[in-house]
Structure formats: C-alpha cells, structure tokens
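A.B. asks: Structure in structure tokens, see below.
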Amino acid sequence: MSGKHLLLVAHAPSENTRRLRDAVIEGASAPEIEGIRVLSLTPFEARPDHVLAAGAVVLGTPENLGYMSGALKDFFDRIYYPCLEHTQGLAYVLYVRAGHDGTGTRRAVESIATGLRWRPVQPALICRGPWQEGFVDQCRELGTLMAAGLEAGVF
C-alpha cells in the first residue's frame with residue numbers, strides 16, 4: 001500500500017454535495033502539503049485497486065433515508081472482500097451531508113469500516129440540517145487534515 005495517495009470516494013449528486021467534495025479536494029491539495037497525490041472518484045468509479053494503493057481514504061455521502069447513498073453502499077459491496085485482508089488499519093474519515101441527524105448514515109458506514117478493520121482518524125463530520133456555508137470550510141479543513149496527516153506519516 002502506498003503511503004502517499006489520498007483517495008476521496010464521494011457521492012455528490014447535488015450542487016451542495018459537489019461543493020463539499022471540491023472543498024475536501026482543495027484542502028487536501030493545499031500548497032503547503034507536498035508529495036500527496038489526491039485521487040477523487042465517484043463510488044461507481046472507485047475499484048479495489050484504488051483502495052489498495054491508498055494511504056488514507058475520505059468517504060463522502062449524502063444521507064439518504066437515514067442511510068448512506070446507494071452509490072457508496074455499492075462501492076463497499078465491490079471492494080469489501082478484495083480489500084478485507086489487505087487494508088487492515090487503513091486510515092479513513094467520513095463526512096455526511098445530512099438533512100436530518102446523520103446518525104444512521106454514520107453508523108452504517110462505521111459498521112462496514114469496522115468489518116474492514118479500517119481506522120477512523122477522527123469522528124465523522126456530519127453537516128446536518130439546513131445548508132450552511134460553514135460546511136464548505138469544515139470539509140476543506142477535513143481534506144487538509146487528511147493530507148497533512150498522510151504527509152507527516154501519522155497514518
């Protein structure tokens with residue numbers, strides 16, 4: 001597994017979720033962070049080899065009926081067994097755009113990530129309730145945190 005690849009797997013079906021995804025990319029690509037390759041893919045594009053090459057993963061999803069998006073679930077279905085024995089301890093973080101509370105979405109992703117034996121590097125970022133511009137800043141900071149941690153060898 002390469003330590004210098006940050007993989008972002010985000011389902012971004014709306015303008016606001018695309019803004020959150022783009023903010024993560026912007027933060028992870030900050031000029032003061034060097035040597036980190038950021039790869040942003042939709043859940044449908046991401047394959048097991050992308051996960052196997054990643055030093056850390058950022059997962060992004062809207063809350064859909066109290067659960068992760070079907071697209072992110074499809075991603076997990078396709079990568080689970082090919083990655084199970086090879087990505088234990090992989091650092092990850094989750095952000096959720098939740099119109100309600102995001103709890104079911106967070107729990108569902110954490111359950112699968114626990115099965116994969118991935119390691120959360122911070123609690124999930126839940127952008128809950130009506131849209132707030134501050135969500136963009138929070139996602140930018142999340143991207144910076146992940147890339148800086150990868151660069152520093154923290155994960």
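Values in this text are rule-based calculations from the coordinates and carry no lab data. Treat the numbers as computed from the prediction; the structure is a model and nothing was measured. Note: ideal-geometry Cβ built from the backbone for every residue, glycine included; neighbour counts use all protein chains shown.
A.B. asks: For the stretch 23-43, which positions are more than 18 Å from Asp137 (Cβ to Cβ), surrounded by fewer than 20 Cβ atoms within 10 Å (Cβ to Cβ) and not small (Gly, Ala, Ser)?
C.D. replies: Of everything in the stretch 23-43, those that are more than 18 Å from Asp137 (Cβ to Cβ), surrounded by fewer than 20 Cβ atoms within 10 Å (Cβ to Cβ) and not small (Gly, Ala, Ser) turn out to be Glu34, Arg37, Leu39, Leu41, Thr42.
A.B. asks: Answer yes or no as to whether Ser69 is buried (at least 19 other Cβ atoms within 10 Å of the Cβ) and of a type in the set (S, T, N, Q).
C.D. replies: On the way: buried (at least 19 other Cβ atoms within 10 Å of the Cβ): yes; of a type in the set (S, T, N, Q): yes.
Considered against the rule, which asks whether it is buried (at least 19 other Cβ atoms within 10 Å of the Cβ) and of a type in the set (S, T, N, Q), Ser69 comes out as yes.
A.B. asks: From the set of residues in the stretch 115-151 that are assigned to a loop (DSSP other than H, G, I, E, B) and in contact with a Phe, Trp or Tyr (Cβ under 9 Å, 6 or more places away or on another chain), which is surrounded by the most Cβ atoms within 10 Å (Cβ to Cβ)?
C.D. replies: Trp118
A.B. asks: Give the stretch 15-55 a look and list any residue that's over 26 Å from Gln132 (Cβ atoms) and either of a type in the set (Ser, Thr, Tyr) or in contact with a Phe, Trp or Tyr (Cβ under 6 Å, 6 or more places away or on another chain) (or both), or say none.
C.D. replies: Within the stretch 15-55, just Ala46 meets the criteria.
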